[in-house]
Amino acid sequence: RDIAEVPRFIEAPRRHGPLQLGARGRLGRSLQARGYDQAIVLPNTWKSALVPFFADIPLRSGYVGESRYGLLNLLYRAPPGKGRPDMRLFYARLSEAPGAEPRQPLPEPRLRIAVDEISRVREKFGLSQPYVVLCPGAEYGPAKRWPYFAELAARLDEPAVLLGSANDRDAAQGVGGTDLVGRTTLDEAIALIAGARAVVSNDSGLVHVAAALGRPQVALYGSSSPLHTPPANAAARVLWLHVDCSPCYQRECPLGHFKCMREMSAEMVFSELKAAR
């Protein structure tokens, strides 16, 4: 809704895990009447290609993924090489013919929020300006969660506002500030980030929301890599310690020492935050 280049979005009421063949079939048939020429399927799963197939969209493109021959009829293969590629470029390749490279630099996604919407949401939660948004959670697991948000909150000159989903409540315990974790809709969280003086976040969905809003931000990476999922924001400061075992992309530290995050001090993050603003 907040991306100017997207004229329409259609919410698909599906859950992770189940195939939900009937629901996907009904959604596909409802899209058929719209007469779309092409569907670009971003997820790599077999089931994600079912809806455009059921919609009988003539050109259905995406990566081969889970052997999606037939479901897709314009197939792309992941480029050779070790490690995980820059995800932005990985998906931007789907905008060109297979084997062709998109023009760079890639456009940066931008969210646009009306000023009165920011004010409305801020007033709803009783917030005054300025404030700094902290995002202590990360859906993937503990290995992505920096452990010193409470120390950082105590150093801030402005009040801290904590944001995240209901699954992040444990990570937000004891941090301090105004804890809105699990209490906002995604739209409200976007508006609050848009009105923030700055944002500090683990590698989670909200780090990319802050980037798309162009906010001054510090992005914290440990088990994951900013080479794979960087914040597309010239105002972003990225902290990554480059320890030997990082990135491991594990939900929990497989070696037990958690150096990639534990050795990233609150002072280091605070210094980056001052430099970002």
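The values are calculated or read from the model by the stated rules, or taken from the named source; none is laboratory data. All values derive from a computational prediction rather than experimental measurement. As a convention, Cβ positions derive from the backbone with ideal geometry for all residues, glycine included, and neighbour counts pool all protein chains shown. Ligands, DNA and RNA are stripped out before the accessible areas are found, and what is left, the full protein with its side chains, is counted by its heavy atoms. Shrake-Rupley method; radii C 1.70, N 1.55, O 1.52, S 1.80 Å.
Compute the angle between helix 266-276 and the longest alpha-carbon principal axis of the chain, please, reported from 0 to 90 degrees and rounded to the nearest 10.
That helix lies at roughly 70 degrees to the long axis.
Using the Karplus equation 6.51 cos²θ - 1.76 cosθ + 1.60 (θ = phi - 60°), what ³J(HN,Hα) coupling, rounded to whole Hz, does each residue of the stretch 111-123 give in order, writing x for Gly and Pro?
9, 10, 10, 5, 4, 5, 5, 4, 5, 4, 5, 4, 5
According to a simple spin-label model (label point 7 Å from Cα along Cα-to-Cβ), what is the distance in nm between residue 101 and residue 117?
3.7
Could you please state, rounded to a whole Å, how far the C-alpha centre of the stretch 172-239 is from the C-alpha centre of the stretch 80-131?
When both Cα centres are located, 12 Å separates them.
If Lys and Arg each add +1 and Asp and Glu each add -1, what is the summed charge of the other residues whose beta carbon sits under 14 Å from the beta carbon of residue 230?
0
For the pairs 124/274; 47/259; 144/274; 47/124, note any where the Cα-Cα span goes beyond 31 Å.
47/259; 47/124
If I model a spin label as a point 7 Å beyond the Cα along the Cα-Cβ vector, how far apart are those points for residue 29 and residue 268 in nm?
Going by the 7 Å Cα→Cβ label model, 5.6 nm.
As an exercise, identify the trypsin sites (Lys or Arg not before Pro) in the stretch 76-108 lying in DSSP coil whose Cβ has no more than 13 other Cβ atoms within 10 Å.
Passing both the DSSP loop test and the Cβ count: 77, 82, 103.
Using C-alpha positions alone, give me the convex hull volume of the chain per residue in cubic angstrom.
Dividing the Cα hull volume of the chain by its residue count gives 153 Å³.
State the answer as a single residue: which of 104, 163, 129 lies farthest towards the positive end of the charge dipole of the stretch 73-163, with beta carbon charges of +1 for Lys and Arg and -1 for Asp and Glu, about the Cα centre.
Result: 104, furthest along the dipole toward the positive end.
If each of residue 86 and residue 45 carries a label point 7 Å out from its Cα toward its Cβ, how far apart are those two points in nm?
So the two model labels end up 2.8 nm from each other.
Net charge near residue 109, counting Lys/Arg +1 and Asp/Glu -1 over other residues with Cβ under 12 Å of its Cβ?
Residues near residue 109 contribute 0 overall.
Heads up, I need the accessible area for residue 40: 1.4 angstrom probe, whole protein in place, Å², nearest 10.
80
Quick one: plug the Kirkwood hydrodynamic radius of the stretch 94-147 (C-alpha pairs) into Stokes-Einstein at 10 °C, 1.306 mPa s, and report D in µm²/s.
99
Per residue, how large is the accessible surface of the stretch 134-242? Use a 1.4 angstrom probe and give square angstrom.
Each residue of the stretch 134-242 exposes 36 Å² on average to a 1.4 Å probe.
Output the direction-averaged projected area (hull surface divided by four) of the convex hull of the alpha-carbon atoms of the stretch 33-106, in nm².
Reported value for the Cα convex hull: 5.4 nm².
What residues qualify as long-range amide H neighbours of residue 213, i.e. H under 5 Å apart, gap of 5 or more or another chain, H built at 1.01 Å from N?
Close amide H contacts, sequence-distant or interchain: 111.
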